[in-house]
Amino acid sequence: MSILKTENLTYTYSQGTPFEKTAVKNVNLEIEEGELVGVMGHTGSGKSTLIQHFNGLLKPTSGRILLEGKDIWENKTEIRNVRFKVGLVFQYPEYQLFEETVFKDIAFGPKNMGLDKDEIERRVRETAENLGLPQECLERSPFELSGGQKRRVAIAGVMAMEPKILILDEPTAGLDPHGRDVILGQIKQYHKKTGNTVLIVSHSMEDIAKYADKILVMNKSELFCYDTTVNVFSRSKEIEAMGLDVPQITRVFNALEQRGLNFGKQVYTVEYAKELIMKKLRERGKVTRC
């Protein structure tokens with residue numbers, strides 16, 4: 001059963017004015033519970049507008065968003081609860097830190113849910129541990145931390161609400177390669193541990209290819225495709241034509257195929273590329289062991 005579904009979702013900014021622009025047009029999709037989805041699209045494709053509909057930050061001009069089978073706008077008084085179920089982490093979330101201590105910042109969401117003190121304490125400490133934040137830093141000011149630690153505190157604040165769906169908009173923007181790998185690895189562990197649905201918006205095809213089970217691609221306000229990672233990257237030429245970069249390893253194997261060396265599989269990670277090359281070499285008797 002799908003946990004999140006859109007039916008003919010359309011959103012138009014500044015409707016009825018000379019500045020009218022349709023940012024999302026007639027999007028129909030179903031996201032199953034427990035999936036880790038990569039969301040991609042060029043600047044202005046509509047992906048950020050789309051994800052802001054999922055927790056009710058934007059209301060459709062037409063169409064519906066169904067959360068666990070229920071229209072989120074059926075009862076406007078329930079929209080606050082929707083935002084507890086669908087947690088959204090904006091790009092550069094560390095700019096939204098404001099409390100005196102790390103503990104209070106992470107606890108802000110759970111506190112607003114009306115949870116008791118013991119449950120808030122459990123969630124804060126457990127989430128901090130899951131994101132690699134030492135317990136001793138919980139009483140420090142978040143503004144004393146490094147950039148990567150601040151980012152993890154901000155993400156922890158949403159994770160601590162234990163949403164059924166966690167959406168992260170460019171969670172690694174501005175981080176160095178090590179910091180990017182740490183954040184994505186922790187998000188992957190969170191997904192594995194909780195089994196919750198996770199959506200990651202990213203411009204990095206390398207990251208999406210490495211971590212996502214499925215990929216949602218927006219193009220010119222419309223849904224281009226929503227499919228498994230391997231099926232999406234099998235359309236790499238179409239994706240490149242949109243102005244998106246496919247993983248470098250995919251480009252390498254596409255070039256090899258043009259030169260007559262066909263591996264019969266779509267390659268989008270270095271690990272899988274290594275596996276295919278070693279297999280090909282063993283078949284030719286060039287390698288006896290790894």
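The values are calculated or read from the model by the stated rules, or taken from the named source; none is laboratory data. Keep in mind it's a predicted model, so treat the numbers as computed, not measured. Reconstructed Cβ throughout: ideal geometry from the backbone, glycine too, with neighbour counts over all protein chains shown.
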Take Asp105 and tell me if it is surrounded by fewer than 19 Cβ atoms within 10 Å (Cβ to Cβ), charged (D, E, K, R) and out of contact with any Lys or Arg (no Cβ under 9 Å at 6 or more places or on another chain). no
Scan the stretch 148-173 residue by residue and report those that are assigned to a helix (DSSP H, G or I) and either of a type in the set (A, V, I, L, M, F, W, C) or touching a helix residue (DSSP H, G or I) at 6+ places or on another chain (Cβ under 6 Å) (or both). Gly148, Lys150, Arg151, Val153, Ala154, Ile155, Ala156, Gly157, Val158, Met159
Output the number of the condition that Phe19 fails; it satisfies all remaining conditions of (1) aromatic (Phe, Trp, Tyr); (2) within 30 Å of Asp245 (Cα to Cα); (3) not in a strand (DSSP E or B). (2)
Could you pull out the residue among Ile51, Ile79 that is surrounded by fewer than 18 Cβ atoms within 10 Å (Cβ to Cβ), hydrophobic (A, V, I, L, M, F, W, C) and assigned to a helix (DSSP H, G or I)? Ile79
Is one or more of the residues making up the stretch 22-31 of a type outside the set (A, V, I, L, M, F, W, C), part of a helix (DSSP H, G or I) and crowded, with 16+ Cβ neighbours inside 10 Å? no
Need the failing condition index for Phe90 against (1) at pLDDT 95 or above; (2) buried (at least 16 other Cβ atoms within 10 Å of the Cβ), just the number. (1)
